[in-house]
Amino acid sequence: MADSHETLVDGNFLAAKCLGRCGVTHMFGVVGIPVTSLANRAVSLGIRFLAFHNEQSAGYAASAYGYLTGRPGLLLTVSGPGCVHGLAGLSNAMANTWPMVMISGSCDQNDAGHGDFQELDQIETVKPFSKFSVKARNIKDIPNCIVQVLDRAGSGRPGGCYLDLPSDVLHQGVTELEAERLISTALSSSKWSESGNVIGSSEIERAVELLRNAERPLIVFGKGAAYARAEDEIRKFVERTGIPFLPTPMGKGLLPDSHELAASAARSLAIGKCDVALVVGARLNWLLHFGEPPKWSKDVKFILVDVCKDEIELRKPHLGLVGDAKRVLELLNKEIKEDPFCLGKSHPWVEAISKKVKENVSRMEVQLSKDVVPFNFLTPMRIIRDAILGLGGPAPVVVSEGANTMDVGRAVLVQTEARTRLDAGTWGTMGVGLGYCVAAAVAEPGRLVIAVEGDSGFGFSAMEVETLVRYQLPVVVIVFNNGGVYGGDRRGPEEITGPFKDDPAPTSFVPGAAYHTLIEAFGGKGYLVETPYELKYALTESFSSRKPSVINVIIDPYAGAESGRLQHKN
Ligand code: ADP
């Protein structure tokens with residue numbers, strides 16, 4: 001009888017085994033030719049495979065998983081069209097700077113160039129959307145390729161990497177002994193890392209001096225700081241210096257929104273008047289008005305902290321600190337401890353921000369306190385906020401997308417813990433919701449996941465409610481149903497002309513769609529709500545059951561604005 005070490009294993013087995021040895025515990029994807037066996041092998045070796053309906057959603061899930069866990073999220077796709085669909089996730093990971101690896105099967109190398117089944121030059125296709133890509137041309141390449149893509153995805157500025165596994169390579173064989181040797185050699189090869197920058201103590205001193213001498217300092221932090229798990233250092237820094245802070249949308253929760261130095265409700269004042277801004281793990285892109293007038297003062301001095309040197313060179317700040325956010329903040333905290341300063345509550349800048357926050361919050365509360373029926377956006381959002389605040393235990397992960405739904409949600413929903421908000425992000429990617437829900441549910445097993453979605457955002461991947469039910473994930477999807485993209489037909493009479501004038505508006509969907517029945521088709525729980533009482537009931541029941549649910553909230557189709565808060569761009 002042959003020694004077990006002489007038993008042949010194929011590329012599927014070798015790839016699955018190597019992924020497991022690299023610490024991969026979850027994969028997201030859609031199976032089919034030629035990767036079904038790879039998924040099955042992975043499951044048999046203890047990796048959880050979350051099977052989706054569409055690679056786009058699975059890719060979004062993999063990207064968010066990378067952000068939430070700090071380890072690359074894995075997407076597995078079939079060849080050709082599967083790879084193309086997966087680009088949605090890969091590009092989303094790149095845009096948000098999240099670690100992710102897409103693995104696609106590809107056609108037999110011997111048939112390439114002759115019009116093979118699902119043939120595509122996938123390496124060329126993924127190039128604009130990935131930081132590194134590689135093809136295993138022989139079974140013996142597989143372990144090395146896997147180690148490389150995983151390392152590169154998480155090194156330096158995180159991003160998306162791609163591994164191509166041709167079908168002939170997946171069917172080649174090596175002995176078990178050889179497989180073990182190949183994996184061990186690949187794992188022992190030195191970990192690839194982008195040259196780490198060592199921050200000089202003089203740069204740290206300069207940063208602290210700038211903040212110490214500022215009249216109106218501000219701290220801005222974003223999802224790069226959340227990714228770096230810098231929350232404890234940020235808290236120390238804010239509390240030691242007494243400087244007001246402003247989180248970006250996904251930076252929300254690094255410090256609680258209710259913190260007395262939170263300047264979110266006085267955003268225009270904070271960014272318009274600050275003279276020195278310490279920006280940690282957030283790009284000065286459209287979300288932060290490019291750091292330019294008229295939103296920012298023309299004399300503001302930026303101190304940028306980013307792991308990516310190119311990012312700092314692009315923005316040309318007054319001072320750039322290249323490094324991991326947590327590490328840089330540790331150094332800043334150390335420097336301040338030796339020579340402390342703290343603005344204090346009676347500092348004119350702190351007082352001005354705090355006064356503006358109180359005014360804006362009480363103005364908003366007046367609007368929020370009204371029970372408007374048919375629902376506008378504010379009334380249901382307040383009810384959802386209060387239901388979330390009433391939950392015990394760890395804060396839920398809130399997933400949010402849609403124009404008005406996301407804008408209103410960002411202002412109203414309260415975030416108290418880091419990495420508990422996932423939204424359309426840097427790219428304004430709509431359709432991420434259900435994928436993000438699956439990722440959050442498996443990455444953060446103790447937390448409830450609550451998606452607050454516009455009906456349009458939900459529609460991109462609504463079939464994935466079946467995925468929620470299949471895996472029995474603790475996800476409650478709340479759909480703000482106003483019957484379309486931005487809501488009802490907002491066209492003026494001059495726009496309703498031509499041979500197709502009787503068609504529904506390009507912005508509108510079937511009014512009053514019964515989205516709650518979608519999940520019921522698979523055995524999940526659906527709720528249709530039109531009043532505050534019905535919404536409160538549905539939230540109480542679904543939050544406590546922690547079972548997959550969809551709450552279909554009917555909203556006045558004329559509430560909210562076209563393009564939300566970005567009307568100038570449409
Ligand atoms: P936001 O959307 O919250 O404004 P961005 O995605 O624009 O945030 O910016 C995140 C930034 O954080 C990116 O420029 C990225 O290079 C950076 N980043 C990623 N990881 C780290 C880290 N560990 N430390 C510091 N910066 C990081």
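Every number here is computed from the coordinates shown, using simple stated rules; none is lab data. All values reported here derive from a predicted model rather than from experimental measurement. All Cβ positions, glycine included, derive from the backbone under ideal geometry; neighbour counts span all protein chains shown.
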Legend entry - Pairwise label distance in nanometres, residue 537 with residue 505, each label 7 Å out on the Cα-Cβ vector: 3.2 nm
Inset, instruction - Evaluate E = 1/(1 + (r/R0)^6) for residue 127 and residue 275, where r is the Cβ-Cβ distance and R0 equals 56 Å; express this FRET efficiency to the nearest 0.05. - result: 0.85
Legend entry - residue 177 versus residue 495: modelled label distance in nm, points set 7 Å from Cα along the beta carbon direction: 7.3 nm
Inset, instruction - Kindly write out, for the range 498-506 in residue order, the coupling ³J(HN,Hα) from the Karplus curve 6.51 cos²θ - 1.76 cosθ + 1.60 (θ = phi - 60°), rounded to whole Hz, with x marking Gly and Pro. - result: x, x, 10, 5, 8, 5, x, 4, x
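Using the Cα centre as the reference, give the magnitude of the dipole from point charges on the C-beta atoms of the range 228-280 (Lys, Arg: +1; Asp, Glu: -1; all else neutral), rounded to the nearest 20 debye.
Details: 7 positive and 7 negative charges, 21 e Å.
The calculated dipole for the range 228-280 is roughly 100 debye.
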Legend entry - Under the span-like rule (Cα at least 24 Å along the axis, Kyte-Doolittle mean at least -1.0), DSSP H helices of the chain: 348-369
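What is the range 31-138 by shape, rounded, prolate or oblate, if you read a ≥ b ≥ c off the alpha carbon gyration tensor as root eigenvalues and call it rounded for a/c under 1.5, prolate for a/b larger than b/c, and oblate otherwise? Don't jump to the answer; show the numbers that get you there.
Values: a/c = 1.90, a/b = 1.29, b/c = 1.47.
The shape class here is oblate.
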Inset, instruction - Please tell me the relative contact order of the range 106-206 in percent, rounded to the nearest whole number, where contacts are Cα pairs under 8 Å and at least six residues apart. - result: 30 percent
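Regarding the range 438-553, what is the average projected area of its C-alpha convex hull, in nm²?
On the way: hull surface 33.0 nm².
Dividing the Cα hull surface by four gives the mean projection, 8.2 nm².
Taking the convex hull of the Cα atoms, report for the chain its projected area averaged over all directions, in nm².
29.9 nm²
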Legend entry - Vicinal HN-Hα couplings computed from phi for the range 451-462 (Karplus, 6.51 cos²θ - 1.76 cosθ + 1.60; Hz; Gly/Pro x): 9, 10, 10, x, 5, 5, x, 4, x, 4, 9, 4
Legend entry - R0 of 41 Å, Cβ-Cβ distance residue 544-residue 345: FRET efficiency to nearest 0.05: 0.55
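When the helices in the chain are scored as -39500 (n - 2.57) per DSSP H run of 4 or longer and the sum is shared across all residues, what 222 nm value do you end up with, to the nearest 500 deg cm²/dmol? Display every interim value, and only then the final one.
Numbers: 22 runs with 229 residues, N = 570.
Here the helix-only value at 222 nm equals -12000 deg cm²/dmol.
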Inset, instruction - Output the peptides 176-186, 270-280, 55-65 sorted from most to least packed, where packing is the average of other Cβ atoms within 10 Å over each peptide's residues. - result: 55-65, 270-280, 176-186
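Sum up the charges of everything whose Cβ sits under 11 Å from the Cβ of residue 25, counting Lys and Arg as +1 and Asp and Glu as -1, but leave residue 25 out.
Values: positive: 48, 71; negative: none.
For residues surrounding residue 25, the net value is +2.
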Legend entry - Selection from 188, 353, 517 lying farthest towards where the dipole of the chain points positive, charges on Cβ: 353
Inset, instruction - At 0.36 nm per residue, minus the direct Cα-Cα distance, what do residue 114 and residue 338 gain on full extension? Give it in nm, one decimal, please. - result: 73.7 nm
Inset, instruction - Work out the charge dipole of the range 1-64 with +1 on the Cβ of Lys and Arg and -1 on the Cβ of Asp and Glu about the Cα centre, then indicate which of 34, 47, 60 is farthest towards its positive end. - result: 60
Inset, instruction - Calculate the spin-label point distance for residue 361 paired with residue 471, positioning each point 7 Å from the Cα along the beta-carbon direction, and give it in nanometres. - result: 3.7 nm
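Report, in debye and to the nearest 20, how large the dipole of the chain comes out about its Cα centre when Lys and Arg carry +1 and Asp and Glu carry -1 on their Cβ. Could you put the intermediate results ahead of the total?
Numbers: 58 positive and 65 negative charges, 354 e Å.
Once rounded to the nearest 20, the dipole reads 1700 debye.
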Inset, instruction - Starting from the Cα of residue 17, draw a straight line to each of the lysines and keep only those under 24 Å, dropping any in the same chain fewer than 8 residues away. - result: 135, 140, 191
